[in-house]
Amino acid sequence: MSAIAGSTAGSTGTDPGLRARLRDFSNRHRSITVIVGMAITAIALPLIVLLPPFSSFSGQNIWLDGFTIAGIYVLLALGLNIVVGLSGLLDLGYAAFFAIGAYTYAFAASPFTGNEFPFWPMLLVGALMAATFGILLGAPTLRLRGDYLAIVTLGFGEIVPIAILNSSKYTDGPNGIGGITPPSIGDFLFPTTGNPWPFYLTMLALITLSMILIYRLQDSRLGRAWMAIREDELAAAANGVNTVTTKLLAFALGASTAGLAGVFLASKLQTVTPNLFRFDVSFTVLAMVVLGGMGNIWGVAVGAFIIFMIQSVFLKQLNLFFDNVNVPILSDIDFLQYQFLLYGVALVAMMLLRPEGLFPSRRRRRELHTEEDAAFGELGDPMGAAPK
Amino acid sequence: MKITRLAAAAAAAALLVSACSSGSTPSPSAEASAGASAGASAAASAGEKGTLKIGVTLPLSGGAAADGQPTLKGAILAVDQANEAGGIGGYKIEVLPLDHAVNGKYNEQQAAQDMQTFAADAAVIGVVGPYNSAVGKVQIPISNEAGLLQCSPANTNESLTKPEFGALDYRKSFPDRINYIRVAATDDIQGPAMATYDYSKLGLRNVLIIDDVTTFGKGVADNFQTKWEELGGTVADRVGAPPDTTDFNGIISAAKGKNPDGVYYGGVVTSGAGLLLKQMRQQGLDIPFTGPDGIVNGPGDAEGSLIQIAGKDAAAGSYGSLAAIGDFPGKADFTAAFEEHFKNDADFNTPGAYSGPAHACATIILKSLDEFLKTSPDADQAAIREGTRAWASDTSHSFDTVLGTESFDANGDTTLPFISFYTVDPAAKDGIGDWVFKEQINFGAE
Amino acid sequence: MTTNALSARPTFVATFQRLRLGPYLFMVGFALVVYLIIGPEQFVNALTIGSIYALVAIGYTMVYGIIELINFAHGDVFMVGAFCSMYVLTTPLGQTGPVTDPPALAVILFIDFAVTMLVMGTLGTAIERFAYRPLRNAPRLAPLITAIGVSFILQNIIQIIYGPSPINTPQIIDPAARVVVGGLSIGVINIFIFVTAVTLMIGLQMFVSRTRLGRAMRSTAQDREAAQLMGVDINRTIAATFFIGSALAGAAGVVQGLYFGNIQFTLGFQAGLKAFTAAVLGGIGNITGAALGGFLIGFVEVTAAAQGYFVWAQAAVFAVLIITLVFRPSGLLGQQLGERT
């Protein structure tokens, strides 16, 4: 599996031979590793939350429901990782594709349009719709440099929700589209509450599939082309990489993952509104990718999970936590008002302490560092051109 | 380990800031059931059978705090009053607030998670909230399937309850088992009421309609416009201004050329109503400013009130509609009780626009619980939840609240037939400026 | 598009290109068209709000030009500046409304601007020192995330101190005061804002082109290593850049309070976004470009409002940006660079 960077926290004491062999195995048999890893997670998470202190917060069902929503963000982070992490294209408006996937399913299975298409094929359709928009977005940005690309993608990220909000005739504007049908297998309709397992297992399956596909892509010629563009576009073009196709594919494939997540969200929430797809969603996913370790697929997934837990569960439950624990001063504080402060402090601190992310990509580490660099404790500079 | 250091740093930062901020905000009465407190000791018989919870689902942080916090406090007041009176049927009642604001704005996804939490917690026998109609759409499927009573103080969109507007799509699991009730008048009542008032009482004929492009604002403005045009009025212009708008000067300048003689603002004050009014007066547009209950949010010294932001002279002569009985003895008492109860709070120690309705919602839940426990004192938590829901949604039952005598129809909508009209009097409340009751209209069995 | 002395281009075109009059003419033409569409009163609105955007945009562009960082916290420095100005006006100076005595007004304004700009400059420098400098050699996205973290922190601190609701600020320049210029009634406050913004911008331009520190900034922006080799103290130069950019944002904050008479802790994000767009529109790293961009965005927004498309204003701004970048990938006044290495 992905290793934590050796230059900081000590990894001494474990058997290097075993880790190297495990790493070797996982590199050669990616798909099996992913499936095994996800299976372990799928079983471990529900078991862990049965233990205190987790059990005193909420029941297992609520934890699983939270994990399912976290899974949506994991999918988003995996997709953005293709664009930002693997290909080095700074996308600040990723939520637009999320919105497109969600509204695609909303149009397909709600009383608003009267359609009743089944969920499972719509997953594919949603992904394709988002991919199409990914190409539409990518096309005019091909000539733009890094940060100009960022602002244009930000612009798209703003334009899509605004367009949805103001086109009441087609999207019911601020009211959103409600009454969306949940997924069903045969006659069994996924329950809205009470039994989180159908959604939970579906999300795990989606993540597993996506991870396998993304690993395949990463290890393919296309993946190498992406990384070549990230490192030095001019050199890549000189070496025969078709930068246009490569960039467009990066956008398309990244967007399709978001489309997938969007369809799932629509089916779980049973309502979609433009309010769900604002800039802070784009930013949160970007933070997850950066924190996880850009380019590192498992790292990004874990980063997404951690940030979601902090934002959605931990910060929100601080009041209840301190009420239960009854620390004198802290119990009197209304932590809800300090959420941003703590979140901001956490972000700044994490970046100052570990700017390369929790699990930086080993490949990148190998590419960029010789032994001497490691000895100087360099933090790594894969995207910038800082003087060394 | 670095993580612990991080956590310590974060906690230290929080401590530091809280120490420097002007007074601490005491946490709501969500004390752990094991902890003893001054309030509990005053109610000797409360809690002998245990604790039941009333959930509150509102956006409570960031910019949305100005909407959610006063509303939450209305509910807290009702529960604290009940506990002080000895609890309900031997049970102590606890408020369990969950904040569904993310980055300062209400978030439907977080709200769905919160409703799942309430549904799974057997001790929760009722929920007050939500504030935004869009959130209601996400939460009703969950609370309906769980059979959990939910009372909204502020949702007004028709589609949440009325089958002819699509409400059955939200209660697909149990279409006939009503669990969602609300005390706010739906948009199709409030909007036309103001239209009639503007036309007949204020004599306006050419109105500028601005809405804040939310489910509530656009809905009530649409309904206003339909009735307005039916009455024969003309619309100078219809403009949408999203909630984060701060600069209305362009809109106002454009509108001046169309000679409006009045404004209808569909929305709440946090969407910018105060700024709009202020800039209107600065540009010399001195026409009456009218709107729904969202703009009637407190006197000139209340934090974030329309009168405070626009200034009492600018706000003078504005009109707002409320879905409540206008002048009743209980109202002054409610305001006094609220201010007394929360006088030590740093923020929001006067009632907001929806504090009264939230108080009413909590009262209704508590009354239903009380009546049910009288018939089945030894019921278990699941039965209590169902019994409370059944009692509240029974159309033959009525409840005495600060809004008047409430009862609900077969869809969960309030049958309170009153719309009251309030106007801003700059001399009220010792010259600070306040909304004063003007008159009310009885719609009968609308 | 550099002129080549050896090429056989007619002198007029060569001069035109050398002076890079194209974008300026475009702006003048655009302004004229806008004026004709929306009328003088709205035009004044547009220039006023454009001035505020321009002042904030300059800070963005200066910082980006020198260390290639999109400083998302800059919008919140603007917001804190507005609150600082309110504090200065209400607490030590005890103002509540319009000041009619011109000398007194001038003194109060001077103190307000001076204090706010100094404090905001210091704040900006402090943020750079503690949050960005350690990350100067880190992957490029790390300081971006940090910037947003700082943005959250600033917002929350102000919210905790002042509460989440909008707060009224003293409008010491009477908003009702108007002068008649050529048959047109214009608000004094509008003229004041525009003049202030232009003065500050011209002052900055002169500073950057005439002083040593300004030269140091330009050279650091162009090539950091070479500047270091020439003896420029990089840390001090960058700190100075942040100081000036943040001071200008502080000035914009003062102006915001004076104009609208109301401020709120959520001001920063929207303003920052628009200012960033303005900076990119004008060619990021280019000060004049940022100013032009700010005014351009003011025009677009007010035109959208005037024509009844207010809800699409934000989208229109971004549409203008995207179209501009498609035709001029480096912005209106940006350097036409080849592939960046």
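Quick rundown of the values:
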{"item": "Cross-link pairs beyond the 23 Å C-alpha cut-off, checked among B:Lys49/B:Lys367; B:Lys105/B:Lys162; A:Lys268/B:Lys137; B:Lys73/B:Lys438", "result": "B:Lys105/B:Lys162; B:Lys73/B:Lys438"}
{"item": "Averaged over A:308-321, number of beta-carbon atoms from partner chains that fall within 10 Å", "result": "3"}
{"item": "Mean separation of Cα contacts under 8 Å, 6 or more apart, over the residue count of chain A: relative contact order %", "result": "28"}
{"item": "Percent of beta bridges antiparallel (DSSP, chain B, rounded to nearest 5)", "result": "35"}
{"item": "Among B:Gly300, B:Gly352, B:Gly233: highest mean-square fluctuation, GNM of chain B, C-alpha pairs under 10 Å", "result": "B:Gly233"}
{"item": "Karplus 3J(HN,Hα) series, Hz, for the range B:401-406 with 6.51 cos²θ - 1.76 cosθ + 1.60 (x for Gly, Pro)", "result": "10, 5, 8, x, 8, 9"}
{"item": "Chain C: DSSP helices with Cα axial extent of at least 18 Å and average Kyte-Doolittle hydropathy no lower than -1.0", "result": "C:21-67, C:74-90, C:102-127, C:141-162, C:188-210, C:234-260, C:267-282, C:287-306, C:313-327"}
{"item": "Gyration tensor (alpha-carbon) shape descriptor, chain B, a/c threshold 1.5", "result": "prolate"}
{"item": "Inter-chain Cβ neighbour average for residues A:140-147, partner chain, 10 Å", "result": "5"}
{"item": "Packing-based exposure ordering (other Cβ within 10 Å, fewest first) of B:Lys258, B:Lys367, A:Lys316", "result": "B:Lys258, B:Lys367, A:Lys316"}
{"item": "A:Ala139 versus C:Leu229: modelled label distance in nm, points set 7 Å from Cα along the beta carbon direction", "result": "4.5"}
{"item": "Magnitude of the charge dipole, chain A, Cβ model with Lys/Arg +1 and Asp/Glu -1, debye to 20", "result": "860"}
{"item": "Degrees, to the nearest 10: B:273-282 long Cα axis against longest axis of chain B", "result": "30"}
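FYI, it's all coordinate maths here, none of it is from the lab. As the structure is a prediction and not an experimental result, all values here were calculated from the model. Methodologically, a virtual Cβ is constructed for each residue, glycine included, from the backbone with ideal geometry; neighbour enumeration extends over all protein chains shown.
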